[in-house]
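Trainee: This is the structure I have questions about; it appears just below.
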Amino acid sequence: MKKLTALLLAALVGLSVLAGCQKAEEKNPTCEEILEKINEAIGEDNLPDMQAIDDDVLSVLYGITSTDLLEDYRGSVALINVRADEILVMKVKEGKMADAEAGITQRQEDLDATWSQYLPEVYETVKDARVVKNGNYILFVVSEKADEAVSAFDEMTKA
């Protein structure tokens, strides 16, 4: 009986050690889920009229072809020409992060060139644009509420 009890105890201890060593499950939200969380965090009152970013807009604004670099993406840009608000969430294919970052860098340079000569208060928002990477996800956000967007992105994508 003592041997059986000792054997069971050893088995339970072994299982608990194995359970503790298991890798935490990685988060794998869709870009649509992340964008919804970001929009919720920013608040509808702080979002101008926005247009969804589709394959054509992604190619023109960022020089990114979704099928080459991305597993998934969602985003939106301001429809009115007195706002620079923009949000793009991408899930990047393995080994393609540098290419995705290059597209975002080019977009930042384009926005800087446009807004530096146009509306100074909007230009301040453009200069405060954020780029955040977590795993194979990347966020680009131009918004007065960029901090809230980054927090929501981190909550959805950090393991």
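Trainee: Being outside any loop (DSSP other than H, G, I, E, B), in contact (Cβ under 8 Å) with a residue 40 or more places away in the chain and not polar (S, T, N, Q) narrows it down to one of V77, V122, V82, so name that one.
Mentor: V122
Trainee: Taking the stated definitions as given, is E94 exposed (fewer than 13 other Cβ atoms within 10 Å of the Cβ), closer than 22 Å to A159 by Cβ, out of contact with any strand residue (DSSP E or B) (no Cβ under 8 Å at 6 or more places or on another chain) and at pLDDT 95 or above?
Mentor: Yes.
Trainee: Which one is nearest to V82 (Cα to Cα) among residues in the range 125-159 that are assigned to a strand (DSSP E or B) and in contact (Cβ under 8 Å) with a residue 40 or more places away in the chain?
Mentor: Among residues in the range 125-159 that are assigned to a strand (DSSP E or B) and in contact (Cβ under 8 Å) with a residue 40 or more places away in the chain, the one nearest to V82 (Cα to Cα) is V142.
Trainee: Within the range 92-103, track down each residue that is touching a residue at least 40 places away in the same chain (Cβ under 8 Å) and under 15 Å from N136 (Cα atoms). Give the steps one after another, and end with the answer.
Mentor: So the first thing to find is which residues in the range 92-103 are touching a residue at least 40 places away in the same chain (Cβ under 8 Å), and the list is 92-94, 97, 103.
Selection gives V92, K93, E94, M97.
Trainee: Which condition number does E32 fail, the rest of (1) over 12 Å from the mean Cα position of the chain (by Cα); (2) loosely packed, with under 14 Cβ neighbours inside 10 Å being met?
Mentor: All conditions pass for E32, except number (1).
Trainee: Counting just the residues of the range 18-38 that are at pLDDT 95 or above and either part of a loop (DSSP other than H, G, I, E, B) or among the polar types (S, T, N, Q) (or both), which one comes out farthest from D85 (Cα to Cα)? Steps first, answer last, please.
Mentor: Step one: filter the range 18-38 for residues at pLDDT 95 or above, giving 29-38.
Still in the list and also either part of a loop (DSSP other than H, G, I, E, B) or among the polar types (S, T, N, Q) (or both): 29-30.
Details: P29: 23, T30: 22 Å.
Once the filter is applied, the top-ranked residue is P29.
The values are calculated or read from the model by the stated rules, or taken from the named source; none is laboratory data. Note that the structure is a prediction, hence the values are computed from the model and not measured. Glycine gets a Cβ as well: all are built from the backbone with ideal geometry, and neighbour counts include every protein chain shown.
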